[in-house]
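Only the coordinates and a few stated rules stand behind these numbers; no lab work does. Note that the structure is predicted; figures quoted are calculated from it, not measured. Cβ coordinates were reconstructed from backbone atoms using ideal geometry, including for glycine residues, and neighbour counts include every protein chain displayed.
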Amino acid sequence: MVGLAVHRLLQEALTNAAKHAPGAAVHVRLVRDGAILGLSVVNDPATVAPLPGVASGGSGLVGLDERVRLAGGTLRTGSTSEGGFEVVAELPVTDGATPRAATATRPTASARELAHARRQVRRRLVQTIVVPLAVLAGILLLMIPISFISSSLSVLDRDRYERLSVGDARGDVQPRLPAFTKDGPPDDAPPTPKGEDCVYYNTRTASAAAYRLCFAHERLASKAIVGSS
């Protein structure tokens, strides 16, 4: 419908210019702005007298106004300040929609601001919740191999344990011990002997039992296997 309306409008406007302003220049402009199609036909002032015998070639400007309105557009006609005549129409690209209705479908400034605010909220939620959770998950994953390595490096070889004797100087015992100690005694380990400083070593990786070496006055005061084996 819009295409036919544009065709008829252009045909009638050119016929009208030829009839009422013979010899005058005619300027035709067709522009699309989003969902709105604009057509203007403007003729300069007539250089010779009008030719009354020329047929209008259609139903006239009154009929054009009705055709444009049915297509959902608007039509404006009238004389220009230079003495010419103009026919200006605006039609929606989609049939049946008025220019105002088509324009109303475009996002308003407030709608754009609301959409921007929502994006900002989502971004901040990601920064405050998702990112810390991802970092925490990464730390937990790193702690698993670290814990395993620490447990492996705190295993005291049984032969070395057997060769340790009560009364040995701490300075002689220390070089024969693993680089790391166990993180505290097993849950079911007996209390630490009074006056002694005890350290614990794993009997093997992931074992609940532990070797306990207790020192007093810088000498090995006691040794024992504690905890569930």
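A few notes on this one:
- Estimated from the Cβ-Cβ distance and a Förster radius of 25 angstrom, the FRET efficiency linking Thr77 and Ala111 is about 0.10.
- Karplus 3J(HN,Hα) series, Hz, for segment 31-36 with 6.51 cos²θ - 1.76 cosθ + 1.60 (x for Gly, Pro): 9, 10, 10, x, 8, 10
- Segment 153-226: projected area of the alpha-carbon convex hull, averaged over directions, in nm²: 4.5 nm²
- Using θ = phi - 60° in the Karplus curve 6.51 cos²θ - 1.76 cosθ + 1.60, the 3J(HN,Hα) couplings for segment 211-222 round to 8, 10, 10, 10, 10, 8, 6, 6, 9, 5, 8, 7 Hz; x is entered for Gly and Pro.
- The loop-placed trypsin sites (Lys or Arg not before Pro) in segment 178-229, going by DSSP, that have at most 11 neighbouring Cβ atoms within 10 Å of their Cβ come out as Lys194.
- Near Arg119, once Lys and Arg are set to +1 and Asp and Glu to -1 for all other residues with Cβ below 15 Å from its Cβ, the sum equals +4.
- Backbone geometry of segment 11-22 corresponds, through the Karplus equation with coefficients 6.51, -1.76 and 1.60 at θ = phi - 60°, to 3J(HN,Hα) couplings of 4, 5, 5, 5, 5, 5, 5, 5, 6, 9, 9, x Hz, x marking Gly and Pro.
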